[in-house]
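The values are calculated or read from the model by the stated rules, or taken from the named source; none is laboratory data. It should be emphasised that the depicted structure is a prediction, and the values quoted were computed from it without experimental measurement. Here Cβ is always computed from backbone atoms with ideal geometry, including for glycine, and neighbour counts include all displayed protein chains.
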Amino acid sequence: MSHKRLALVVDDDPDIALVCTLHLEGAGFEVIEAGNGQLALDLAAVKHPHVIVLDYMLPDLDGVEVLRRLKAEPATAAIPVLMLTARTHKKDQAAAWEAGAHDFMVKPFDGKEFVEAVSRAAEEGEGDTAQRRDEAIGQIVDARRAVDATLAAVVREATDAVICKDLDGTITFWNHGAEELYGWTAEEAVGQSIRMVAAPETVEEIDEILDRLSAGERVTLHETTRLHRDGRRLHISLSVTPIHDDLGRVVGGAAIARDVTDRVRRETRYEGLIEAAPDAMILLNEQGEIEMVNQQAELMFGYDRFRLLGRKVEMLVPERFRGQHPVFRRQYAENPRTRSMGAGLDLYALRSDGSEFPVEISLSPLEEREHGRTYAAAIRDVTERRTTEARFRGLLDAAPDAMVAVDQAGLITLVNRQAEKLFGYAREELLGEPVELLVPLGSRGAHPVLREGYLRGGGGHRTFGLRPELSARRKDGTAFPAEISLSSLQTPEGVIVCAAIRDITARKLADNRFRGVIESAPDAMVIVSDTGAIELVNGQVMRLFGYEREELIGQPIEVLMPLRYRGRHPEHRRRFVRSPRLRPMGANLQLSALRKDGTEFPVEISLSPIEADGTVSVCATIRDVTARRQIEQSQRLAAEREREASARLREVDRLRTDFLATVSHELRTPLTAIKGFAEWLVGSWDVTEESRKRDMVQRIHHAGGRLDFLIQDLLDFSRLERGKLKVELETQVLGELLEEALRNTATALEDHHVDNRVDADLEVVVDRSAFLRVLENLLTNAAKFSPRGSAIHLDVDVAPETVVLSVRDEGVGIPEEEHEKVFDRFYRSPATATSAPGTGIGLAIVKHFVEAQGGSVELRSGPDEGCDFRVTIRRVLPGS
């Protein structure tokens, strides 16, 4: 085993990783490398390095996320991490410190300072790392041993049968539950075939289960038949799970079996009866354990039957009653008898979701058995009935109107406080008296006939009021105009008629005042009946809509609406009448109205319900908001333009900030390689092998090419920003331009195969320098965003006047919704931004350079389909 300190270098740029490795190996470190974040986490967990050198930008996880995950794991939390990055922004450094970085260095770096920083971090963290690693490993081992011991004890003493077997069926484990179930001891069973417990008809079933285990399948809650040692047939519920070795291979199975013989017998006996019952049915034993339930019980309580069977019935009893319920159960068992549904008890039950509901329960003792008596409980949900009863009892006293209940003989059976107050009688003076006592003297003779006609007509709900006018009589003999609503209720004793009586004296007095208020209102006001007919309009309506009053009275309100709304409006109107409420002016609805001349105009409408004569009329106040809407529209457009401009400025500012940070990173990365290799060669030229020297010089050359290409992109971008791009279109041979572009990008393309199918003699009209920059950007872009070893395809489609050049890669592709964005300045697709960082200006340069030459560029791509950039340019026609 090596005694060198181990350093893990994490960087996706092989040049930077090599520079770090050279310096660290020269200082006596052993170095391992990782090109992405996930590999770094895996190596750190296995190798436990003394120090980690971590790049900020990685192709999968960014460096800060890797750092957070390292610190979250006990085995790697103490390893010191040096962040080495080309990112210089203060927020990047702050994020690294917050995540737990030990030190932070910016590329390019001085080799000596880099080694000193790594060595210092390794020395400071070495003791703590080893100690915390050993402690973490010890804790894991101790915890695993404790869990294993606990699990073994639980399995061994489990009441259910737990049996392990290998793939040929040989028993390898047999717990106490298996001894109780099958009658064989563990010493007798282990080493025998599991087929010894099979009934003759289930031997093939066991073979099938073993085959399924071999395939890695589970067998869950399978009910079957097995044999006891004494020959008795047992009904069991069986679950079998595959057992895997350390390599993940299936080596056997673990079976859990439970004896369900008694349940099967009971279910066979009672199943038809129980399932056919209209109520929820539950069978209990003397211990209060649930032995059988029907489907109605599952639906009522919200449990499936397997969650109920074997559980105490108290799980279905509300918490506040649970303590007393076993006592009631024992008292019933001492004197069991059939107790019919509705025994006068106020009972409640509990659903699986925790909600309570009132029930009626009928109890019946069943036959005695070997282990005691069984009891049947029929349960009925009476929520609806209780609700109805409670409402009826509280209805009369809670009602705002006078309420009088009358039986079929016309005698008063119930009155509320409002009736006492309205008529001036005490309750005792009215109960048992004929209802005609409350009818004016002149109408008493006809009232019994009207009452009997109402009952013969089926009762139901009816309202009487202003038309025809009704009156009632007080104790002092005075009469008053009344509105009366009748409702009938069928009871076991017969039909009860409930009358709601309202004094409408004030309403009549208010009618005349109301008409004056309507006419003097500054807004147009329309009164509409519950059937939608216009009953009243004021002068403002005539001015606003251009109708005479006589033209509107009696017409449907829809006459004032545009045609497109008329079909739906009656239903809206009916819904409002069913649930009337005040809707104030300006309810955020975009409404329009229609004048007599057919012109539309925007309106605001407030609606107010008016209850009279047992019906609900609607008062609609209508206001013309044409001028206001025009002002609001202008303000909205101005505000929207301001918001869009502000958002664009913020986005441009953000993109520029990201662009500057990215450019800094992109410049520093090749510069780090150039500086690092050059520094090494200057200090170690004489002791470095010739092949290593040549490799380093080639890497410097490659990094220089990257730097030159980036600088050229920045210069091109600067020309675009200043509007200084000028082109001179000339006839060029497309094949020659491609060959030159391929030579200029050879370093970037060295890990790819170029499939060039372009006609070498095809002539096009372009600016030579500008079009070379287009080709170089597209080629390097294809290489950057496609895997090593993949092909880059060059092809053309020739049209009469144009040539379409296709540059297609085999990368991850770009979703269709991003196709236009990729040509925006500074834009980088989220799908590739971390795996292949860049400035986000390359494709913007391509687009502007192509369009400046009279051409166009488009992207064809999709997820996992690669990218196909198609550049359309003018061709030179043969003979021209």
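Tabulated results
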quantity: Scope the range 135-183; condition of a type in the set (Asp, Glu) and at pLDDT 75 or above; matching residues; calculated: 157, 160, 166, 168, 179, 180
quantity: Residue match in the range 192-207 (condition: surrounded by 12 or more Cβ atoms within 10 Å (Cβ to Cβ), among the polar types (S, T, N, Q), more than 30 Å from residue 374 (Cβ to Cβ) and at pLDDT 85 or above); calculated: yes
quantity: Those residues of the range 770-827 which are crowded, with 22+ Cβ neighbours inside 10 Å, in a loop (DSSP other than H, G, I, E, B) and of a type in the set (Val, Ile, Thr), in sequence order; calculated: 814
quantity: Lone unmet requirement of (1) at pLDDT 90 or above; (2) within 25 Å of residue 615 (Cα to Cα); (3) charged (D, E, K, R) for residue 429; calculated: (2)
quantity: Unmet criterion (only one of (1) loosely packed, with under 15 Cβ neighbours inside 10 Å; (2) in a loop (DSSP other than H, G, I, E, B); (3) in contact with a strand residue (DSSP E or B) (Cβ under 9 Å, 6 or more places away or on another chain)) for residue 231; calculated: (3)
quantity: Test result for residue 870, under 19 Å from residue 754 (Cβ atoms), at pLDDT 90 or above and either in the same structural domain as residue 60 (by TED's automatic domain parsing) or within 42 Å of the chain's Cα centre (by Cα) (or both); calculated: yes
quantity: First in the range 448-462 and on the phi < 0 side of the Ramachandran plot and part of a strand (DSSP E or B), second anywhere and surrounded by 11 or more Cβ atoms within 10 Å (Cβ to Cβ) and at pLDDT 80 or above, Cβ under 9 Å, 6 or more apart; calculated: 462/454; 462/484; 462/485; 462/486; 462/487
quantity: Complete set of residues in the range 5-46 that are loosely packed, with under 14 Cβ neighbours inside 10 Å and part of a loop (DSSP other than H, G, I, E, B); calculated: 28
quantity: Residue within the range 177-192 that is assigned to a strand (DSSP E or B), free of Cβ contacts under 8 Å to residues at least 40 places away in the same chain and not hydroxyl-bearing (Ser, Thr, Tyr) present; calculated: no
quantity: Test: residue 220 is more than 17 Å from residue 173 (Cβ to Cβ), β-branched (Val, Ile, Thr) and at pLDDT below 85; calculated: yes
quantity: Qualifying residue in the range 61-69 (condition: assigned by TED's automatic domain parsing to the domain that holds residue 50, over 30 Å from residue 684 (Cα atoms), acidic (Asp, Glu) and assigned to a helix (DSSP H, G or I)); calculated: yes
quantity: Some residue of the range 449-461 being closer than 21 Å to residue 530 by Cβ, in contact with a strand residue (DSSP E or B) (Cβ under 9 Å, 6 or more places away or on another chain) and either not assigned by TED's automatic domain parsing to the domain that holds residue 410 or not acidic (Asp, Glu) (or both); calculated: yes
quantity: From the options 195, 156, 218, residue that is in contact with a helix residue (DSSP H, G or I) (Cβ under 6 Å, 6 or more places away or on another chain) and among the charged types (D, E, K, R); calculated: 195
quantity: Subset tally (residues that are assigned to a helix (DSSP H, G or I), surrounded by 13 or more Cβ atoms within 10 Å (Cβ to Cβ) and either of a type outside the set (A, V, I, L, M, F, W, C) or in contact with a Pro (Cβ under 7 Å, 6 or more places away or on another chain) (or both)) for the range 516-555; calculated: 5
quantity: Meets criteria (over 30 Å from residue 325 (Cα atoms) and either part of a loop (DSSP other than H, G, I, E, B) or touching an Asp or Glu at 6+ places or on another chain (Cβ under 9 Å) (or both)) for residue 278; calculated: no
quantity: Enumeration of residues in the range 456-479 that are modelled with pLDDT of 85 or more and crowded, with 16+ Cβ neighbours inside 10 Å; calculated: 470, 472, 473
quantity: When residues of the range 676-692 are limited to those that are surrounded by 14 or more Cβ atoms within 10 Å (Cβ to Cβ) and of a type in the set (Phe, Trp, Tyr), the one farthest from residue 18 (Cα to Cα); calculated: 680
quantity: Options 741, 748: the member that is among the hydrophobic types (A, V, I, L, M, F, W, C), modelled with pLDDT of 85 or more and in the same structural domain as residue 846 (by TED's automatic domain parsing); calculated: 741
